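The next block holds one structure in the form of C-alpha cells; read it before the comments.
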C-alpha cells in the first residue's frame, strides 16, 4: 500500500468537476500551495471549496477564483480579494459565511464521526436563521452538521511515507481538522521522510487520516501582513 | 500568577467531600499516582470519580476504594478488583458503566465547550435506556452530555511552570481530555521544567487548561499485564 | 474443527493491503501473528496507538506503552500516539477498516452480545460498544458453541446487547458465515466438519446455498 | 477625550494576573503594549497560539507564525500551538478570561454588531461570533460615535448582530460604561468630558448614579 505520490498533479488527478474540496490554511499561512497550483492547471470546474479564507487576488484560492473554478465558497472571512468581490456581486459565485469556530468544529466532527455539534456561535444572529436552536444549562446553542467533503488538501511541515504529519507553528490551524474530515485526504509536505523518522509522540495527524502524500516544491509562503517592530 | 505547587498534598488541599473528580489513565498506565496517594491520606469522602478504570485492589483508584472514599464510580471497565466488586454488590458503591469512546468524548465536550455530543455507541443496548436517540443520515445516535467535574487529576511526562504538558506514549490516553474538562485541573509530572524549555509545537495540553502543577515523586508505574515475547 | 490459532489464520485472510485494523482481546489478538506476507496492515489500539508491534523482549517492557488489554507492547516504524477521544473519533468516523472481536452471542441479524452476563460481576463494556456501533466491517471470532454445547449463533441474543445489526461475518471453530438479511449464510466449513453438524449447532437461521468448500488455511 | 492609545491604556487596567486574553484587531491589539508590570497575562490568538509576543524584528519574520490579523508575530516562553478546533474549544469552554474587541454598535442589552454592513461588501465574521457567544467577560473598545457623529451605543443595534447580550463593558474615547440589566451604566468619564456630552452621545439608556470620576490612566 503506497501512499506516496510524485507530485501534486498525480495526487489530485481524480478530482472531478463539482467536487467538494477542503483546503487547509489561515489566510495564506499553511495553505496547500502545490495542490492549488495543480488544480488550477487541471482547470477543474464547479468546485465547492471549504476553507477559512479565499486567498488573495493572485495567490492561494484566489488563483482558482481567477480561473472561475469555484462555484461555491464556504468560509469565515473572505478578506481583501477584488475578483472574489466581483464574482460574488455578479452572482457567479455563491458564498456561505460561517463562524470560524463553527467551521473548525464541523471539520472535527466529520473526522471524529460526530454527525452534528452544538455551538453558541451565531445564536440570535442571521447565522441562526433556519437552524435548530437548543438550550442546555440556560444557554442557547445552534445545531451544526459535520461537513461532507470529497477531498481535503492539507499542507504540513513534515510528513512520512505512512502519512503521519507534523505542522509548524500557526501553519497548523485548520490543516489537521481537514485532514481528518476528507473522504480522500491529500497532504503536501515540505519534507517527506521514511516512516519511523518522525517521533511517534509528536505526530499531529496520524497517517490513518491521510490517503496520499507528496513532497511539495517551490513554496512561496507569502506573508499577508508583514509587520515588524523597531528594536 | 504561580501555578506551581510543592507536592500533591498542597495541590489537592481544597478538594472537599462530595467532589466530582476526573482521574486520567488507562488501567494503571498514566494514572496520577501522587494525587491518588494524597487524596487517600486526606481521607476525602463521598467522591464521585470519573475514570476509565478503577485501578486494582492495591493500586490506583483501588486505594481510594479500600478507604471507602468513593461514592460513585463512572468508568468503562472496572476489571479485576475484588474490593470494588464487594462494595458494588453490597450497595456501598454506585457504578455507572459507559462506553469508552463516550467517556472520552464527554470529557472532550467539556473542554471544548460543547454541551452534548452524538455517538452511535450503545444504540439499541441498555446504555440507551432513557436517552434521546436521533437519526442522522439513516444512522441512530445517542445524545450524551458533557461531563461537569470539579477537579481533574492528570499525569504527564513533562510539564512546564506555565502548565503546558507533554505525555509519553500510551500514557496519554484520557489525560489530555480530562485536563481540558476539569474546573480545576491539577497536573502531576515526572519532570517539571521552566516555561520555554518545551517545544511549543509539541505541547499536548496547553497551559490554559492547567491550574496547578507539581513535580511528582516515587512513581511506581506498575504494569498490569507484563507480556513478553521470546526473541 | 479449527483450534484458536487456525481461527486466527483464517481471519488473517480477510486482511487487505493498507488496512487499519482493531483486534480485540483473545483469538483476535492472535491474528497479528498471521498477517500475510507482502501486505501492510496497521494495528490500532484504542487506548491511543496506531502501529502496534509485537510484545517486547524480556527487560524491554515500558510501563507507558501498553495495548487495550493492558499488555506491554512495542511500536513499529510509522506509529503514532494520540488521546482516547481521537482514537474513538477515528473509529466512529470509519477510518478503521476492520474490527475483529470476540462474542458470547451473535444473532442472525448481526446483533452482538459480549459484555455482560446478568447475575455475574459486570466488568464493563470498555470500548466494545463504540467499536461495534462504528466500524463498517466487523468480524466476530468465537467458538460455535458455549462450554455447555449450546449454540452461540442465535435467532435473538439472550444476553444484554453490545450492539445491533453490526456483525458482518463470523469465523468459528466450525465454519465461516456471513450475516445476511436472510440469516447466517454458510460460506466455508472447517475441515472434517459436516454441514449437518454446523446446522445442528446453529440455532439461528442458517442458509446453505450450493456446495460449501472447506476452510483453507 | 481619549485617543486610541489612551483607550488601550484604560483597557489594560482590566487585566489581572494569570489572565488568558484574546485581543481583537485595532485598538484591542494596542492593549498588549500596556500590560501592567508585575502581572502575567497570556495572549491567545484564535488561529492557534497561546503566548503571543511582540511583532518580529525586521528580517526575523516567519511566514508560519502569524496572528489572527495575519500579521507576523513572535512567541514568548511557555507558548503553545494547537489547531483551530482546540482554539475555539478553549474559547467556548470559557478558558479565555477576557476578550476585548471592537464594535460598530452595542445595544443597551449588550448586543453587539461588528461584522457586516448591508449593501457593502461583506468580508465575513471570522471568529467574532464564536468569541462573543462564548467568552464570559467581553469588553468592547470603540469610539463613542461614528464618523457622522451618531451614537454607537444604541437602544437596539441597527446593523446585523454578531452576538446577543454578551458585552459586559465598553471603553470609548469618552467614557467607561458597564452594560447592566437597566442599560449603560456610566462608570468613568474621559478627562474634560462632561456627563452632558456623554448623555448627548449615548442613544441607548444611560444610567448616571452619583458622581462619576474621571478616567485615570
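Values in this text are rule-based calculations from the coordinates and carry no lab data. Note that the structure is a prediction, hence the values are computed from the model and not measured. Please note: Cβ atoms are built from the backbone with ideal geometry, for glycine as well, and neighbour counts cover all protein chains shown.
In square nanometres, what is one fourth of the surface area of the convex hull spanned by the alpha carbons of region A:72-118? Don't skip to the end; give the middle numbers.
Details: hull surface 15.3 nm².
Taking a quarter of the hull surface, the average projection is 3.8 nm².
How big is the Kirkwood radius of the protein assembly as shown, worked out from every pair of different alpha carbons and given in Å to one decimal?
Numbers: mean 1/r = 0.0346 Å⁻¹.
Hydrodynamic radius (Kirkwood, Cα pairs) of the protein assembly as shown is 28.9 Å.
Along the Cα→Cβ direction, 7 angstrom out, place labels at residue D:25 and residue C:211. What is the inter-label distance in nm?
7.5
Using a Gaussian network model of chain A with C-alpha springs under 10 Å, which one of A:107, A:29, A:49 is most mobile by mean-square fluctuation?
A:29
Show that you can apply the helix-only estimate: for chain A, add -39,500 (n - 2.57) for every DSSP H stretch of four or more residues, divide by all residues, and state [θ] at 222 nm to the nearest 500. Present the calculation step by step, with values, prior to reporting the outcome.
Details: 6 runs with 48 residues, N = 231.
-5500 deg cm²/dmol, from helical runs alone.
Using a basic spin-label model with each label point 7 Å from the Cα along Cα→Cβ, how many nm lie between residue A:42 and residue D:194?
About 7.0 nm, to one decimal.
Provide the gained length on full extension for the span residue A:183 to residue A:13, in nm with one decimal, where the gain is 0.36 nm per separating residue minus the Cα-Cα distance.
Working: separation 170, 0.36 × 170 = 61.20 nm, distance 1.53 nm.
So the chain would gain 59.7 nm between residue A:183 and residue A:13.
Rg to Rh for region B:112-231: what is it, with Cα atoms only and Rh by Kirkwood?
Taking Rh as the inverse mean 1/r over Cα pairs, Rg/Rh reads 1.10.
Other chains' Cβ within 10 Å of A:213-226 residues: what's the mean?
Values: counts 0, 0, 0, 0, 0, 0, 1, 1, 3, 1, 9, 6, 8, 9.
Partner-chain Cβ atoms within 10 Å, mean over residues of A:213-226: 3.
Taking only Cα atoms and a 10 Å spring cutoff, compute GNM fluctuations for chain D and point out the largest among D:12, D:200, D:32.
Residue with maximal mean-square fluctuation among D:12, D:200, D:32: D:200.
Using only the alpha carbons, work out the radius of gyration and Dmax of region A:42-100 in angstrom.
That works out to 10.1, 31 Å for Rg and Dmax.
List the relative contact order of region C:1-90 as a percent without decimals, with contacts defined as Cα pairs under 8 Å and 6+ residues apart. Mind showing how you got there, number by number?
Numbers: 130 pairs, mean separation 21.4, N = 90.
Reported as a whole number, the value is 24 percent.
When the helix-only estimate is applied to chain C (DSSP H runs of n ≥ 4, each -39,500 (n - 2.57), divided by the residue count), what is the mean residue ellipticity at 222 nm, nearest 500 deg cm²/dmol?
Numbers: 5 runs with 35 residues, N = 217.
Dividing the helical sum by the residues of chain C leaves -4000 deg cm²/dmol.
For each of D:81, A:136, B:147, A:174, count neighbouring Cβ atoms within 10 Å of the residue's Cβ, then give the residues from fewest to most. Numbers along the way, then the final one.
Values: D:81 29, A:136 14, B:147 22, A:174 32.
Exposure proxy ranking, most exposed first: A:136, B:147, D:81, A:174.
Given Cα pairs under 8 Å that are at least 6 residues apart, what percent is the relative contact order of region A:8-215?
Details: 501 pairs, mean separation 44.1, N = 208.
Taking the mean separation of contacting Cα pairs over the length of region A:8-215, I get 21 percent.
Mind listing P(r) for region B:8-215? All alpha-carbon pairs, 5 Å bins, whole percents.
1, 8, 16, 19, 19, 16, 11, 6, 3, 1, 0
Among B:161, B:170, B:185, which one shows the biggest mean-square fluctuation in a GNM of chain B, springs joining Cα atoms closer than 10 Å?
Of the options given, B:170 has the highest mean-square fluctuation.
Select the chain B residue whose beta carbon lies nearest to the rotation axis carrying chain B onto chain A, and write the distance in whole Å.
It is B:202, 2, counting Cβ atoms only.
Normalized C-alpha radius of gyration of chain D, against 2.2 N^0.38 Å? Show your work: numbers first, answer last.
On the way: Rg = 17.3 Å, N = 217, 2.2 N^0.38 = 17.0 Å.
Chain D yields a ratio of 1.02.
Using the count of nearby Cβ atoms within 10 Å as a rough guide to exposure, how do B:167, B:145 rank from fewest to most? Mind showing how you got there, number by number?
Working: B:167 27, B:145 15.
Taking fewest neighbouring Cβ atoms as first place, the list is B:145, B:167.
Would you mind giving the mean number of other chain beta-carbons within 10 Å of the Cβ of each residue in C:115-124, as a whole number?
Details: counts 6, 3, 0, 0, 0, 0, 8, 6, 11, 14.
Partner Cβ neighbours, averaged per residue: 5.
Among rounded, prolate and oblate, which fits region C:89-151 when a ≥ b ≥ c are the square roots of the eigenvalues of its C-alpha gyration tensor, a/c under 1.5 means rounded, and a/b larger than b/c means prolate?
Working: a/c = 2.70, a/b = 1.53, b/c = 1.77.
Since a/c reaches 1.5 but b/c is at least a/b, the shape of region C:89-151 is classed as oblate.
State, as an integer percentage, the relative contact order of chain C based on alpha-carbon contacts under 8 Å between residues 6 or more apart. Intermediate values should be presented prior to the final figure.
On the way: 481 pairs, mean separation 41.5, N = 217.
In percent, rounded to a whole number, it is 19.
What are the nm distances, shortest first, from residue A:197 to its equivalents in the other copies, labels at 7 Å along Cα→Cβ?
3.0
Mind giving me the FRET efficiency for residue D:4 and residue A:66? R0 is 30 Å, r the Cβ-Cβ distance, nearest 0.05 is fine. Don't skip to the end; give the middle numbers.
Numbers: r = 37 Å, r/R0 = 1.23.
With a Förster radius of 30 Å, E is 0.20.
Distances in nm, one decimal, shortest first, from residue C:117 to the same residue in every other copy, taking the label point 7 angstrom along Cα→Cβ.
With the label placed 7 Å along Cα→Cβ, residue C:117 yields 7.5 nm.
Assume the label is 7 Å from Cα along Cα to beta carbon: what separations in nm does residue D:16 have to the matching positions in the other copies?
With the label placed 7 Å along Cα→Cβ, residue D:16 yields 5.8 nm.
Quick one: Cα centre-to-centre distance for region D:120-178 and region B:102-178, in angstrom?
Taking the Cα centre of region B:102-178 as reference, the centre of region D:120-178 is 34 Å away.
Across the residues of D:42-52, average count of Cβ atoms on other protein chains within 10 Å? If you can, show how the numbers build up before the last one.
Numbers: counts 6, 0, 2, 2, 5, 11, 14, 6, 8, 9, 1.
Shielding by partners across D:42-52 averages 6.
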